[in-house]
Number of protein chains: 2
Amino acid sequence: METQTRDADATRARILDAATRLFIEHGFAAVSMRRLAEASDVTKSLIHHHFGNKEQLWEEVKETAFQTYARKQQEMLETAEQSDAELLVSSVRAYFSFLRENPGVVRLFAWTHLEEDQTCGRSDRDLVALGARRIREAQEQGLLRADVNPTHVVTLFVNACTHWFEARSHHSEWEGIGTDDEYLEDFIRILMEGLTPRKD
Amino acid sequence: METQTRDADATRARILDAATRLFIEHGFAAVSMRRLAEASDVTKSLIHHHFGNKEQLWEEVKETAFQTYARKQQEMLETAEQSDAELLVSSVRAYFSFLRENPGVVRLFAWTHLEEDQTCGRSDRDLVALGARRIREAQEQGLLRADVNPTHVVTLFVNACTHWFEARSHHSEWEGIGTDDEYLEDFIRILMEGLTPRKD
DNA sequence: AATTTAATTGACCGGTCGGCCAGTTAATGG
DNA sequence: CCATTAACTGGCCGACCGGTCAATTAAATT
């Protein structure tokens, strides 16, 4: 069991790891099976043995990555319980931090969006629905303004966070642009002020 | 001059058009010179004659596309003059409409972001700076809250619009998601309510 | 009309692509 | 201990890759 010369699961995992890394970095079309074989230290034939063909490997890379993503997000959301304005703020912060620490996730979503792959949308469908439900609860309690679609609130904060990291190299050329944290705080300020009911 | 059998400029433009279309659709790596030649109805050698190599053609595609993008945006902004809250709203609407009618622009930005190309950031640098200046003016007049970075306001509305179209296939799987216009109106509602100074 | 210039072609190059297949080798279990 | 199974290898295939080059052809210049 110790000095095992063959371990199918480990080999499979090694290939999947290398494939995930390379596909996320360079995209599906720009990575060859030979490069994949070299990076995972196996022969090209062995990749075909374990995964079929290049497309199937790519699908499995996406599937497992999205699964991991959804699981982590689920864990984050489960800890929170209350459904007030503070929950929304902490959710935004948590999501923003998650993307900052997992830049590969941002790129993977970007690649799949460009190939119009809809499977990724189903990965966080339930998360979004849950978030929207929490917002609706807060709306019904009068804690958040009720004239906006809760799902759009979730979408807005996903868009504001995701595209910040996706277009970082783009924004960095803009004058007056601030740090990650400064942008996040400004966004939260606008979002929460925009969602809090007015007294006047 | 009429029945000209050779027209270098026209040929060049035909190649550039086909390349723009195919690169935007499939990405740089997934498009071959042979496919490009077929799509623009010329020989592969002729593309090399006019553009050098594949990378240079890609660079020229991006350059001209971003130039067109910047020019159109500039035109839109020049018509507007006042610098109050309404200008911000109409700018958001205009930008949103522009992206809806030019889905290729969204994809082109996405491709270039994935290859960490920073040249695209310089294409709208001046536009963003101008928008930020207008917002700052409105802040100084007390028309918009002054405790947020004007550049971040521009960034936020770019992010909110761009990523809406970029991740359309993703969002469409979410329950409760609305139409383009419904999302836009909700975003404007939150943004403007979040930016308007409070009296209470 | 002769000459020069440049747009355009087709054949060809070495290299790489994804995939396949016939073996070899190591674990399994009867 | 031997048969079966499956992990794993190396070599090969036809197709396609980006790029080059000499030749052809049409326009521009003289």
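The values are calculated or read from the model by the stated rules, or taken from the named source; none is laboratory data. Since the model is a prediction, treat every value here as computed from it, not as a measurement. Cβ: placed from backbone, ideal geometry, glycine included. Neighbour counts: every protein chain shown. Side chains are part of the model used for accessible areas, which takes the heavy atoms of the whole protein and leaves out ligands, DNA and RNA. Shrake-Rupley method; radii C 1.70, N 1.55, O 1.52, S 1.80 Å.
Observations, loosely collected:
- Of all residues in segment A:150-197, those satisfying the criterion of being open to solvent by 40 Å² or more (accessible area, probe 1.4 Å) and either closer than 20 Å to A:Arg134 by Cβ or facing chain B (nearest Cβ under 7 Å) (or both) are A:Ser172, A:Glu175, A:Gly176, A:Ile177, A:Glu182, A:Arg189, A:Glu193, A:Thr196, A:Pro197.
- Helices (runs of 4 or more DSSP H) (entirely within segment A:71-160) containing at least 1 residues that are under 25 Å from B:Leu114 (Cβ atoms), of a type outside the set (D, E, K, R) and without any contact (Cβ under 8 Å) to a residue 12 or more places away in the chain: A:85-101, A:103-114, A:119-123
- Criterion violated by A:Ala132 - all others in (1) facing chain B (nearest Cβ under 8 Å); (2) open to solvent by 60 Å² or more (accessible area, probe 1.4 Å); (3) touching a Pro at 6+ places or on another chain (Cβ under 9 Å) satisfied: (2)
- Index of the failed condition, B:Arg6 passing every other in (1) of a type in the set (Lys, Arg); (2) surrounded by 16 or more Cβ atoms within 10 Å (Cβ to Cβ); (3) within 9 Å of DNA strand D (Cβ to nearest atom): (2)
- Residues that are within 13 Å of chain B (Cβ to nearest Cβ) and either assigned to a loop (DSSP other than H, G, I, E, B) or within 13 Å of DNA strand D (Cβ to nearest atom) (or both), drawn from segment A:9-60: A:Gly27, A:Phe28, A:Ala29, A:Ala30, A:Val31, A:Ser32, A:Lys54
- Unique match (being exposed (fewer than 14 other Cβ atoms within 10 Å of the Cβ), within 30 Å of A:Ile188 (Cβ to Cβ) and touching a Ser or Thr at 6+ places or on another chain (Cβ under 8 Å)) among A:Gln67, A:Gln74: A:Gln67
- Of all positions in segment A:81-101, none carries a residue that is within 16 Å of DNA strand C (Cβ to nearest atom), open to solvent by less than 60 Å² (accessible area, probe 1.4 Å) and at negative phi.
- The requirement of being at the interface with another protein chain (Cβ under 7 Å from one of its Cβ atoms) and surrounded by fewer than 15 Cβ atoms within 10 Å (Cβ to Cβ) is satisfied by A:Arg122.
- In the set (1) surrounded by fewer than 19 Cβ atoms within 10 Å (Cβ to Cβ); (2) over 18 Å from B:Ala160 (Cα atoms); (3) outside the structural domain of B:Thr5 (by TED's automatic domain parsing), the condition left unmet by B:Leu57 is number (1).
- Residues located in segment A:42-75, provided they are touching a helix residue (DSSP H, G or I) at 6+ places or on another chain (Cβ under 9 Å), more than 16 Å from DNA strand C (Cβ to nearest atom) and among the acidic types (Asp, Glu): A:Glu63
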